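A.B. asks: Let me give you the structure first, and then I'll get to my questions.
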Amino acid sequence: MVKLLISRLLLEFFLILLLYVFQSVFLDYMEILGAKPDFLFLYLCYRSLREDNPLYGTGLGFAIGFVQGLYSPTTLGAHAFAKTIVGFVLGKNDSRTSWNEFFTLVAIFFSMLGHDLIYYIFTNWKALVYNMINISIGSAIYTTGIAAVILFIFSGLNNKE
């Protein structure tokens, strides 16, 4: 049991690092009108919605936010705090609840806006409205669009089985 837990945590850790490296290398090439997708955020949403334990989402959100915060030490803790809250809120869902694709996408969109709101309150609250309008909304739409494509692909694969 302990070996399974440790191997699962190590797998999560390496997946987070892999997504972080992917995001760090390719994100600037994926920018559209200033909007960039957040693959680490998508992973947090997916895992938090699928687990039946809000502590899992909380811990995962903190881990992802901490890794992101290491890249920008001037705002260290802001990513961790915002993603911890998102992970907890999404983790509070009941896994027995049937989350169809539409509600999953709505949850991702509004969670990203909530994440950015929390992040900008702690890092740049003077430009909060500007950042929310010019950065966050576009990034939330872009990230949700990528999530929709991923959900469409995986739902198609599941229907073929």
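A.B. asks: Let me confirm something: among TYR120, TYR142, TYR130, which residue is surrounded by fewer than 21 Cβ atoms within 10 Å (Cβ to Cβ), without any contact (Cβ under 8 Å) to a residue 40 or more places away in the chain and hydroxyl-bearing (Ser, Thr, Tyr)? It would help to see each step written out before you state the result.
C.D. replies: Numbers: TYR120 fails: surrounded by fewer than 21 Cβ atoms within 10 Å (Cβ to Cβ); TYR142 fails: without any contact (Cβ under 8 Å) to a residue 40 or more places away in the chain.
It is TYR130.
A.B. asks: Right, something else. What residue, of LEU19, LEU60, is closer than 23 Å to VAL149 by Cα and crowded, with 17+ Cβ neighbours inside 10 Å? Please lay out each step first, then the result.
C.D. replies: On the way: LEU60 fails: closer than 23 Å to VAL149 by Cα.
Answer to the selection: LEU19.
A.B. asks: Can you tell me which residues in the stretch 46-57 are over 19 Å from ASP116 (Cβ atoms) and surrounded by fewer than 19 Cβ atoms within 10 Å (Cβ to Cβ)?
C.D. replies: Once the filter is applied, which keeps residues that are over 19 Å from ASP116 (Cβ atoms) and surrounded by fewer than 19 Cβ atoms within 10 Å (Cβ to Cβ), the stretch 46-57 yields ARG50, GLU51, ASP52, ASN53, PRO54, LEU55, TYR56.
A.B. asks: Would you mind stating whether GLY87 is within 21 Å of ILE32 (Cβ to Cβ) and within 14 Å of the chain's Cα centre (by Cα)? If you could, list the steps in order and put the result at the bottom.
C.D. replies: Working: within 21 Å of ILE32 (Cβ to Cβ): no; within 14 Å of the chain's Cα centre (by Cα): yes.
Spelling it out, it is not the case that GLY87 is within 21 Å of ILE32 (Cβ to Cβ) and within 14 Å of the chain's Cα centre (by Cα).
A.B. asks: Does the stretch 67-77 include one or more residues that are of a type outside the set (Phe, Trp, Tyr), closer than 22 Å to ASN131 by Cα and buried (at least 18 other Cβ atoms within 10 Å of the Cβ)? Please lay out each step first, then the result.
C.D. replies: Residues of the stretch 67-77 of a type outside the set (Phe, Trp, Tyr): 67-70, 72-77.
Retained after the next criterion (residues that are closer than 22 Å to ASN131 by Cα): 68-70, 72-77.
Add one more test, that the residue is buried (at least 18 other Cβ atoms within 10 Å of the Cβ), and what stays is 68-69.
Yes, because at least one residue in the stretch 67-77 is of a type outside the set (Phe, Trp, Tyr), closer than 22 Å to ASN131 by Cα and buried (at least 18 other Cβ atoms within 10 Å of the Cβ).
A.B. asks: Filter the stretch 58-69 down to the residues that are over 15 Å from THR123 (Cβ atoms) and of a type outside the set (Phe, Trp, Tyr) and list them by number. Walk me through it before giving the result.
C.D. replies: Initial filter on the stretch 58-69 (over 15 Å from THR123 (Cβ atoms)): 58-64, 66-67.
THR58, GLY59, LEU60, GLY61, ALA63, ILE64, VAL67, listed by residue number.
Values quoted throughout were computed directly from the atomic coordinates according to the rules given, and no laboratory measurement underlies them. Every value quoted in this text rests on a predicted model; they were computed, and no experiment measured them. When we count neighbours, we look across all protein chains shown, and the Cβ atoms used for this are built from the backbone with ideal geometry, even at glycine.
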